Amino acid sequence: MKPLLGWLSARWRSIILLVWPLALLPLAVSPYSEARCGYVVLVMALFWITEAAPLPVTSLLPVVLFPLLGILSTDDVCIQYLKETNMMFIGGLIIAISVEHCNLHKRIALRAILVIGTSPGRLLFGLMGTTMFVSMWISNTAATAMVTPIAKAVLAELKAHEKAEKRSAILAIDEAFAEYTQETTGKETKQDSPEDEEEETPDKEAVGYFLGICYAATLGGTGTLIGTGTNLIFKGLFATAFPNGENITFAGWMMFCVPLMLLCTLAGWLWLMILYMGLFRRKKSGSAVKTAEQRKAVKLVIKKSYQDLGPMTFHEGSVLFFFIVIVLLWFFREPEFMPGWAAAVSDVEVQDSTAVMLVCFLLFVLPADLDFLKFRFNADKPCKPSPSLITWKVVEKKMHWGIILLLGGGFAMAEATNASGLNDLIGDTLSVLNVLPDLAILIIVCIATTFLTQFASNAAICNIVLPVLAKMAVAVEIHPMYLMMPACLCCSYAYVLPVGTPPNAFVMGECNMKTSDMIKAGLGMCVISIVFLLVLFPTYGGVLYGLNGFPSWAANSNTTESFHDL
């Protein structure tokens, strides 16, 4: 039995890749297009969830299967891989890479921590706050990787001070004991070296700091449309399912998600303070930052790291300027509370990708320094071209090409379910849920999505769940955003396991914490996030997005075409 289990554990991916498509083969040869489309959806769903094949590779299957099964033409499938949403994602990544390339994100983080303070609560709040803000604009993993070394340096300094204080105390006691022994017995005693101490276990407070960083990175990604891939997946799938529906704007997303993000981050900070920092409990003698000397040492470490960056360069200042410009362009393109700039400059629809591509072009052509202004008369020192603010070589190395394919694969699958009529089948099946209150359906959706995203890729779960919820909303006559947007946010709430999201795995490797620590703290964060979401979205979100009633554009969408009998 043991050899068999070992063989299965080594080859389970190959078994899934071979057995699952063969088991579903009757659907692929069915005369009904709905069944053939269902074959592709089920095959891709299991491959995405188990990662039997790399996620981007699985995302290429629609290009092969949909044309061969007679569902969509090759042109109709391929065009889904570079829609406006994908272009916005590419532009957002280029902006983020530019910020990382000039170390602007590190300068912002260190400065913010210096301003906030270095007591236990303030240090945790500073690490979480800066990680959250940076993660709104660059990838969650990059934000975590940026702040984690800062936390490690701070904690190493704290540990060094603790050991020094402990060593001083031990030496003082030993000297007093030796003096007493010599007076009473006239013999000298051998003093134990403080170096003989047993190796310390990982500090409980250190676990709290690292968990705070990865949770803040996850929550920061929910704050803007470009913060994480699942947000843009929602935007693209919503537009595909409801082409006449409401436009998901950058400003409209932030108006709800930023307050939710701030509340969840603040509650998460409080939860970690209670769980790991002893808040509302008597202070223990081993508290990490308990003396003014230690707080001063932490501040010196952070200040030195900040000073090592040197003064802000022309490169950093230029990238910061264009970063502010693109945020303003995104926010005021269609701010909803006032006319946007897009309507003033053009009669055709101008979306967010237009603005970001303009800024990206400028980043590639404008110089990173002012050396081009210097004119040299010395022929022995020829002038060199000034490097641009970002180069294509840097972008090629850091661009997440796999996520772009994952977005395209999800959009192609959504387009195929519309074209094949599978939408109507799913809608008719889910219409039995109309007996439940809307809030009950929302609670079930949020809990189920949060549970699933703990074990599989957030983007994969989003691609699988959201098209189903679009059909469910139409079937039970609920505003589609009422189910789809909370489910999209819940796809990011992967706090419990290291495999749930890259920031979790990253801090797990950096900090010697137990999996039980992550599970215990992560379950609390899941409850916090879901509760805030369930309270805010039906109330504040309902007013903001006008979720009362079933909109006419959803009733007239291609998801409500009558489904013919199989």
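Here is a yes/no grid of residues against (1) modelled with pLDDT of 90 or more; (2) aromatic (Phe, Trp, Tyr); (3) surrounded by 12 or more Cβ atoms within 10 Å (Cβ to Cβ):
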| position | (1), (2), (3) |
| --- | --- |
| Phe323 | no, yes, yes |
| Ala344 | no, no, no |
| Val348 | no, no, no |
| Gln351 | no, no, yes |
| Met357 | yes, no, yes |
| Phe364 | yes, yes, yes |
| message | For region 517-525, check the following and say yes or no: at least one residue is among the basic types (Lys, Arg) and under 24 Å from Asn140 (Cα atoms). | response | yes
| Can you name the residue in region 238-277 that is among the hydroxyl-bearing types (Ser, Thr, Tyr) and within 23 Å of Thr539 (Cβ to Cβ) and is also surrounded by the fewest Cβ atoms within 10 Å (Cβ to Cβ) among such residues? | Thr249
| message | So if I check each of Ser14, Ser30, which one is under 21 Å from Phe455 (Cβ atoms), hydroxyl-bearing (Ser, Thr, Tyr) and without any contact (Cβ under 8 Å) to a residue 60 or more places away in the chain? | response | Ser14
| Of the residues that sit in region 499-511 and are surrounded by 20 or more Cβ atoms within 10 Å (Cβ to Cβ) and of a type outside the set (Val, Ile, Thr), which one is farthest from Thr453 (Cα to Cα)? | Cys511
| What residue, of Glu51, Glu100, is closer than 24 Å to Thr218 by Cα, of a type in the set (Asp, Glu) and surrounded by 21 or more Cβ atoms within 10 Å (Cβ to Cβ)? | Glu100
| message | Which of the numbered conditions does Val445 fail, given that it passes all the others? Conditions: (1) under 28 Å from Leu42 (Cα atoms); (2) without any contact (Cβ under 8 Å) to a residue 40 or more places away in the chain. | response | (2)
| Among the residues of region 118-131, which ones are part of a helix (DSSP H, G or I) and either more than 23 Å from Asn504 (Cβ to Cβ) or among the small types (Gly, Ala, Ser) (or both)? | Gly121, Arg122, Gly126, Gly129
| field | Test result for Leu68, farther than 19 Å from Gly410 by Cβ, surrounded by fewer than 17 Cβ atoms within 10 Å (Cβ to Cβ) and out of contact with any Asp or Glu (no Cβ under 6 Å at 6 or more places or on another chain) | value | yes
| query | Within region 473-494, how many residues are of a type in the set (A, V, I, L, M) and in a loop (DSSP other than H, G, I, E, B)? | reply | 2
| note | Checking Leu466, Leu430, Leu452 in turn, the sole residue that is under 23 Å from Leu46 (Cβ atoms), surrounded by fewer than 24 Cβ atoms within 10 Å (Cβ to Cβ) and under 21 Å from the mean Cα position of the chain (by Cα) turns out to be Leu452
| When region 133-151 is examined, which residues are found to be in contact (Cβ under 8 Å) with a residue 24 or more places away in the chain, part of a helix (DSSP H, G or I) and out of contact with any Phe, Trp or Tyr (no Cβ under 9 Å at 6 or more places or on another chain)? | Phe133, Val134, Ser135, Asn140, Ala142, Met146, Val147, Ile150
| remark: Among helices (runs of 4 or more DSSP H) entirely within region 1-117, at least 3 residues that are closer than 30 Å to Val394 by Cβ and of a type in the set (D, E, K, R) occur in 104-116
| task | Select from region 306-363 the residues that are charged (D, E, K, R) and farther than 21 Å from Trp392 by Cβ and list them in ascending order. | result | Asp308, Arg333, Glu334, Glu336, Asp347, Glu349, Asp352
| Residues in region 236-279 that are of a type outside the set (Ser, Thr, Tyr), in a loop (DSSP other than H, G, I, E, B) and on the phi < 0 side of the Ramachandran plot: how many? | 9
| Scope region 53-89; condition over 23 Å from Ile461 (Cβ atoms) and hydroxyl-bearing (Ser, Thr, Tyr); matching residues | Ser73, Thr74
| request: Take the residues in region 496-516 that are part of a helix (DSSP H, G or I) and of a type in the set (A, V, I, L, M, F, W, C), then tell me which one is nearest to Val154 (Cα to Cα). | output: Val507
| request: Could you pull out the residue among Ile441, Ile390, Ile461 that is surrounded by fewer than 23 Cβ atoms within 10 Å (Cβ to Cβ) and of a type outside the set (Gly, Ala, Ser)? | output: Ile441
| task | Working only within region 410-424, note down all residues that are more than 26 Å from the chain's Cα centre (by Cα) and surrounded by fewer than 24 Cβ atoms within 10 Å (Cβ to Cβ). | result | Asn418, Ala419, Gly421, Asp424
| Among the candidates Lys520, Lys471, Lys514, residue that is buried (at least 24 other Cβ atoms within 10 Å of the Cβ) and either at pLDDT 85 or above or out of contact with any strand residue (DSSP E or B) (no Cβ under 7 Å at 6 or more places or on another chain) (or both) | Lys471
| query | What number of residues in region 386-404 are in contact with a strand residue (DSSP E or B) (Cβ under 6 Å, 6 or more places away or on another chain) and of a type in the set (Lys, Arg)? | reply | 0
| request: Test Ile49 against the criterion of being touching a residue at least 40 places away in the same chain (Cβ under 8 Å), touching a Ser or Thr at 6+ places or on another chain (Cβ under 6 Å), closer than 20 Å to Val468 by Cα and aliphatic (A, V, I, L, M), and give yes or no. | output: no
| task | For region 479-492, state whether one or more residues are surrounded by fewer than 22 Cβ atoms within 10 Å (Cβ to Cβ) and either of a type in the set (A, V, I, L, M) or touching a His at 6+ places or on another chain (Cβ under 9 Å) (or both). | result | no
| Residues (loosely packed, with under 13 Cβ neighbours inside 10 Å and of a type outside the set (A, V, I, L, M)) located in region 1-47 | Lys2, Pro3, Gly6, Trp7, Ser9, Arg11, Trp12, Ser14, Pro26, Pro31
| said: Residues to consider are Gly427, Gly500, Gly421; find the one that is farther than 30 Å from Pro67 by Cβ and touching a residue at least 40 places away in the same chain (Cβ under 8 Å). | reply: Gly500
| Within region 395-459, which helices (runs of 4 or more DSSP H) (wholly inside it) include 1 or more residues that are under 22 Å from Gly221 (Cα atoms)? | 401-420, 438-453
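The values are calculated or read from the model by the stated rules, or taken from the named source; none is laboratory data. Keep in mind the model is a prediction, meaning the values are calculated, not measured. Neighbour counts run over all protein chains shown; Cβ positions are idealised from the backbone, glycine included.
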